[in-house]
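Below is one structure, written out as structure tokens; comments come after it.
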Amino acid sequence: MKITSEPTEQNLCINLTGEINKDYQFPSITLTAKTINEVIIDMSKLHFMTNEGTVCWYNWITTTLKDYKVIFSEIPFFLIEKFNTSPHLLPSSYEVKSFYMPYICNECSNLFSSLLQIGIDYYPNAPIPKFSEIECSSCKKKTAQLIPNHTRAVQFLPEYDLNRYSYFNVFQTTAVIVIDQYKQIKFANDYTSTLTGISIKRLMKGSTIFCNVIELDDPEMFCNDNGINGKSYALRYREVHYKTKIKEGTVNASLRPDREALPNSPRWIIYLEDSSLEIELKNKYRKEHEGAKKLAIISATDEMTGLNNYRAFIDKFKTELALAKENNNWISLIILDIDHFKKFNDNYGHLQGDKVLKETASTLRNTIKNTDFAARYGGEEFAIILPATHPQGLASVLEKIRYSIEEMQVKNINDNSAPILSVTCSLGGVAIHPNYLQNFMEFTDDNCKSFIKIADSNLYNSKERGRNKYTLSTQN
């Protein structure tokens, strides 16, 4: 292993030649720390890095070069593979000037590497050049293609994460922060600066630790005591108090593991939704819309039954579908319709019909679990969301609800001495397999309505079979 260095007033250029093995000693540049801004490493003549040499490299990167901006030039492909599988071998602040990619010629089967220069041959977030743009070094024909299984090789580039997470900047009232297993901030969207009062540059500088710049009164929702992230599942939103050196307030916080991150570079995505803005908006609406009728429109509660209303149901269903997909769980849905509801209004008056609706809602609340979600879907129809519920569990809940409503005690409000009114319901349910949920990139109102349509079809099947029955199906 040989090395030549060319220090200038502001830069140190290092040329690596041969192999990096356990006997190699990397140069120390500590004495020039005040004058050198960048360390440029030319790897064009580096043939191999042994396992023992990897240890030397790691020690050098994490000690001598930790405070410098490192620019890599002409990275051999074997190092690209190593950097992809072991990202910790790279310094926290680095750039890539050029790197080699392996190609095979379709004409003469010649294997060769082509040098791609950042900003010339390859642009951040762009596909790797196709065969029509690469010339074979042997037959000189442009018939070469990238060797299979190397299409994601450029993930080692620092802009890979930045480009992948850049879509979080569309969030206008939610701070999104990406951290690694050591709580180091790897990305923060623009709104994070607005919420915390800390610049994005400061948040993403070097190895900034999340808890050092943003204090939460519930820090364990993110990390274990030893500082290593240990949660492999999504945490639901919860209200927490945050504090920085500049601002403090209350936010709705959630954390989700990034399923798309590289296996050796795990990431967790933190969402901090400013609840103070939510409160401010609610107060604004209350001032602008006077009267109980307009307040009911922006409320999530159905005034008649006290259950959640249709809009709240749709929003909750989308959230639970996304959580079920992420956690690989079943999720079930029930649509319920009171049998012959019109007769209560026609024979006893609308107040009696309201009484039936209220008693049905109360029975549902007392029958389902706290983790389930009941809503008045519309008219005499109700909807129930059952998270983490498979077909057998759905069947059990359907029968339990059917029986509970059949046993309801509904008095005749016009005559207390009259017999108790008999109320029954018909139900339709659908249990959605976790594998089926993987077909959806996101869950919209239309997605929800497609599942509702299945449950509704089962409901009508129950009515056609004589009412006071339930029908269920699975969506695989």
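The values are calculated or read from the model by the stated rules, or taken from the named source; none is laboratory data. If you're wondering where the values come from, they're calculated on a predicted model, not measured in any experiment. So basically every Cβ, Gly included, is an ideal-geometry build from the backbone, and we count neighbours across all protein chains shown.
Which one is modelled with the highest pLDDT among residues in the range 401-423 that are more than 42 Å from the chain's Cα centre (by Cα), closer than 11 Å to residue 468 by Cβ and surrounded by fewer than 19 Cβ atoms within 10 Å (Cβ to Cβ)? In this case the residue turns out to be 406.
With respect to (1) among the aliphatic types (A, V, I, L, M); (2) under 31 Å from the mean Cα position of the chain (by Cα); (3) assigned to a helix (DSSP H, G or I), the lone exception for residue 375 is condition (3). Restricted to the range 162-205, and to residues that are assigned to a helix (DSSP H, G or I) and basic (Lys, Arg), which residue is surrounded by the most Cβ atoms within 10 Å (Cβ to Cβ)? Here the residue is 164. Looking across the range 294-337, the residues that are among the acidic types (Asp, Glu) and either within 27 Å of residue 470 (Cβ to Cβ) or at pLDDT below 90 (or both) come down to 302, 303, 315, 320, 337. The set of residues from the range 454-476 being surrounded by 14 or more Cβ atoms within 10 Å (Cβ to Cβ) and either under 35 Å from the mean Cα position of the chain (by Cα) or not assigned by TED's automatic domain parsing to the domain that holds residue 392 (or both) comprises 454, 455, 456, 457, 458, 459, 471, 472, 473, 474, 475. Can we say residue 398 is assigned to a helix (DSSP H, G or I), crowded, with 19+ Cβ neighbours inside 10 Å and either assigned by TED's automatic domain parsing to the domain that holds residue 343 or out of contact with any helix residue (DSSP H, G or I) (no Cβ under 7 Å at 6 or more places or on another chain) (or both)? Yes; evaluated as a whole, the condition is true for this residue. Taken over the range 172-190, the criterion of being modelled with pLDDT under 85, closer than 17 Å to residue 242 by Cα and of a type outside the set (Lys, Arg) is satisfied by 173 alone.
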